[in-house]
1. Distance in nm between label sites at residue 103 and residue 163, each 7 Å beyond Cα in the beta-carbon direction?
2. On average, how much accessible surface per residue is there in segment 59-162, in Å², for a 1.4 Å probe, leaving out ligands, DNA and RNA?
3. Is it possible to state the helix-based mean residue ellipticity at 222 nm for the chain, with each DSSP H run of 4+ residues giving -39500 (n - 2.57), the sum divided by total residues, to the nearest 500 deg cm²/dmol? What is it?
4. Once you charge only the Cβ atoms, +1 for Lys and Arg and -1 for Asp and Glu, what is the size of the charge dipole of the chain about its Cα centre, to the nearest 20 debye?
5. With a 1.4 Å probe and every protein chain kept in, tell me what percent of the accessible surface of segment 30-71 is carbon plus sulfur.
6. Name the residues whose placed amide hydrogens come within less than 5 Å of the amide hydrogen of residue 87, ignoring near sequence neighbours (fewer than 5 apart) on the same chain.
7. In segment 86-178, carbon and sulfur make up what percent of the accessible area (probe 1.4 Å)?
8. Using square roots of five times the C-alpha gyration tensor eigenvalues, list the equivalent-ellipsoid semi-axes of segment 37-112 in whole Å, biggest first.
Amino acid sequence: PFKTAFFKQKGKSEEVIKMGRKPLEGVRVLDLTQAYSGPFCTMQLADFGAEVIKIERRLVGDQTRGWGPMHNGHSGYYAYINRNKEGMTLDLRSEEGKKVFLDLVKTADIVCENYKVGVMEKLGLGYDVLKEVNPRIIYGSISGFGLQGPLAKRPAYDIVAQAMSGMMSITGFPDAPPTKIGPSMGDNFSGAFLCMGVLM
């Protein structure tokens, strides 16, 4: 149900805006992300009302399904970062899995992934392929070290970004080695910036 806001002008009540809908309702996102940075982006899109379909590896799932804290055999971490999403599994290495995914791309607005650089192309599902299926598709990607350069194909977690950026050198204790800061700042920022880029 809609809630309606009113304001008074010259003694009359006038309808200003109908509230109750979320801004991204009607937008479909195919979420191939895992761990933290990518799911943090798609979590925000889901929070804003997008239909996010999280696609996980068959029989394996997102690696965070085993990350603590655990409750009744389920990961609280996974539940937090994947809230408000639908879920399915696909084997993107199989022809059948690729066909199902490309059929979904036809109906989608956004595809997000945070695989190592070159994985989507190796699967035959890179942006050039997806835009042939759906020219309107928005393709969002996070990589540890960019798309080019000597480190481009390396994987990266937040702690790698903290260490290589020097952030760990400004925390901890003077007589101890560099220390990871508590929050996953590298993952938070990259996920938030991917969300911003997709929305722009």
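1. Label at residue 103, label at residue 163, 4.4 nm between them.
2. Dividing the accessible area of segment 59-162 by its residue count gives 62 Å².
3. Computed ellipticity for the chain at 222 nm equals -9000 deg cm²/dmol.
4. 480
5. About 58 percent, which is the carbon plus sulfur part of the accessible surface.
6. Amide H neighbours of residue 87: 54.
7. Carbon and sulfur: 57 percent of the exposed surface of segment 86-178.
8. That gives 23, 17, 8 Å for the three semi-axes.
The values are calculated or read from the model by the stated rules, or taken from the named source; none is laboratory data. No experiment lies behind these values; they were computed from the predicted model shown. All Cβ positions, glycine included, derive from the backbone under ideal geometry; neighbour counts span all protein chains shown. The area values use the complete protein model at the heavy-atom level, side chains included, leaving out ligands, DNA and RNA. Shrake-Rupley method; radii C 1.70, N 1.55, O 1.52, S 1.80 Å.
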